[in-house]
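Quick notes on the structure that follows.
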Amino acid sequence: MSMTQHAEPAVSKTPPAPGRKESDGRTSQRPLALRLLARPEVGVFLGAVAVYVFFLASAPPVREASAMANILYQSSTIGIMALPVALLMIGGEFDLSAGVAVITSALTASMLSYQLTMNVWVGVVVALLVSLAIGFFNGWMVVKTGLPSFLITLGTFLILQGVNLAVTKLVTTNVATDDISDMDGFGQAKKIFASSFDIGGVQVKITIFYWLVFAAIATWVLLRTRYGNWIFAVGGNKESARAVGVPVTFTKISLFMLVGFGAWFVGMHQLFTFNTVQSGEGVGQELIYISAAVIGGCLLTGGAGSAIGPVFGAFMFGMVQQGIVYAGWNPDWFKAFLGVMLLGAVLINLWVSRTATRR
């Protein structure tokens, strides 16, 4: 009887209510605000809003629809390249040749078409093949040698910069290509790569449309496809990714080739917008693309980021570039402003990340 009396207290304890579990604070669900702050694109979105409001107040012309169309156009020319650069960074690599690769693509299409008196579409297709080949070379060298992509693409950057200048002078006896606006196929190509359309009386460049479409596709790829999982995996730890069956070589080379595709597309836009190409351009643009991706939340170490973040990052760059002009300020301050913005965005992202992961 006494044994029963001692056993009863142990079983008479009220069991915990269903769904209620003891927590040590580590597994409890965080508030919605903190979960939103953990998203890499939230910080840059808030930064983009702040920059927009700042220029909205300090530069009255920004309030006009035509000014916003120009801002979005400038943003799109940066954003189209920032997207593949961001995917490459999520995959754990850099491409310092992206800026001059744009000019290489435009020069190839222009000189091949003009000097050989061919239809411009021949030059466009060959330029695409050249751009993809450059991307393949960068990716193959990184994978096969094991050297940092910083070094490989820095070498490619110098090679392309020299080739752009030397070949252009050799072929055209000038630093720029000849005008191709009167060649066969130019009108069709211009409609695809450099046309405008009217929205409410405002001329809007087609690159804005392409920019948003490419961003939507990149977001879908990252979040809804196996290839997107591969990108995050190789950027996080390529050896672990290889151990679980991720095709690391294919993923990295294809990401470099995707940057090549972006360089081709932007190069064709520049060619069919201005009808000619300056061979010395493109230097420094790679830093703009990388900065837009970093501001958009892509980690320098790889394995984290999004496609939406670089969209807002590119918008901030376009907003500053045009906002300074509309405000009537000295445009020489543009790069300094961008440097401050980059450092500020990195510090804000760091603070947001620590705040979001704090218990």
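A few comments on the model shown:
- One residue alone among 180, 134, 206 is of a type in the set (A, V, I, L, M), free of Cβ contacts under 8 Å to residues at least 60 places away in the same chain and open to solvent by less than 50 Å² (accessible area, probe 1.4 Å), and that residue is 206.
- Any hit, segment 132-153, residues being more than 25 Å from the chain's Cα centre (by Cα) and closer than 18 Å to residue 274 by Cα: no
For (1) under 26 Å from residue 128 (Cβ atoms); (2) in contact with a strand residue (DSSP E or B) (Cβ under 8 Å, 6 or more places away or on another chain); (3) open to solvent by 80 Å² or more (accessible area, probe 1.4 Å); (4) modelled with pLDDT of 95 or more, each residue gets a yes or a no:
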{"site": "200", "(1), (2), (3), (4)": "no, no, yes, no"}
{"site": "225", "(1), (2), (3), (4)": "yes, no, no, no"}
{"site": "234", "(1), (2), (3), (4)": "yes, no, no, no"}
{"site": "238", "(1), (2), (3), (4)": "no, no, yes, no"}
{"site": "256", "(1), (2), (3), (4)": "yes, no, no, yes"}
{"site": "260", "(1), (2), (3), (4)": "yes, no, no, yes"}
{"site": "263", "(1), (2), (3), (4)": "yes, no, no, yes"}
{"site": "267", "(1), (2), (3), (4)": "yes, no, no, yes"}
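- Residue match in segment 93-105 (condition: over 30 Å from residue 234 (Cβ atoms) and not hydrophobic (A, V, I, L, M, F, W, C)): no
- Options 140, 220: the member that is open to solvent by 30 Å² or more (accessible area, probe 1.4 Å), over 23 Å from residue 310 (Cβ atoms) and among the aromatic types (Phe, Trp, Tyr): 140
- Residue match in segment 210-217 (condition: farther than 20 Å from residue 84 by Cα and among the small types (Gly, Ala, Ser)): no
- Set side by side, the residues 156, 219, 207, 168 differ, and just one is in contact with a strand residue (DSSP E or B) (Cβ under 8 Å, 6 or more places away or on another chain) and in a helix (DSSP H, G or I), which is 168.
- Checked against the criterion of being under 13 Å from the mean Cα position of the chain (by Cα), more than 30 Å from residue 112 (Cα to Cα) and not in a loop (DSSP other than H, G, I, E, B), the candidates 315, 261, 256 yield just one match: 315.
- Odd one out for residue 87 among (1) over 13 Å from residue 252 (Cβ atoms); (2) under 18 Å from the mean Cα position of the chain (by Cα): (1)
- One residue stands out in segment 243-253 among those that are over 18 Å from residue 86 (Cβ atoms) and surrounded by 15 or more Cβ atoms within 10 Å (Cβ to Cβ): the one that is farthest from the chain's Cα centre (by Cα), namely 246.
The values are calculated or read from the model by the stated rules, or taken from the named source; none is laboratory data. Everything numeric in this text was worked out from a predicted model, so none of it was measured. Glycine also receives a Cβ, built like all others from the backbone with ideal geometry; neighbour counts cover every protein chain displayed. Accessible surface is based on the protein model in full, side chains and every heavy atom, while ligands, DNA and RNA are left aside. Shrake-Rupley method; radii C 1.70, N 1.55, O 1.52, S 1.80 Å.
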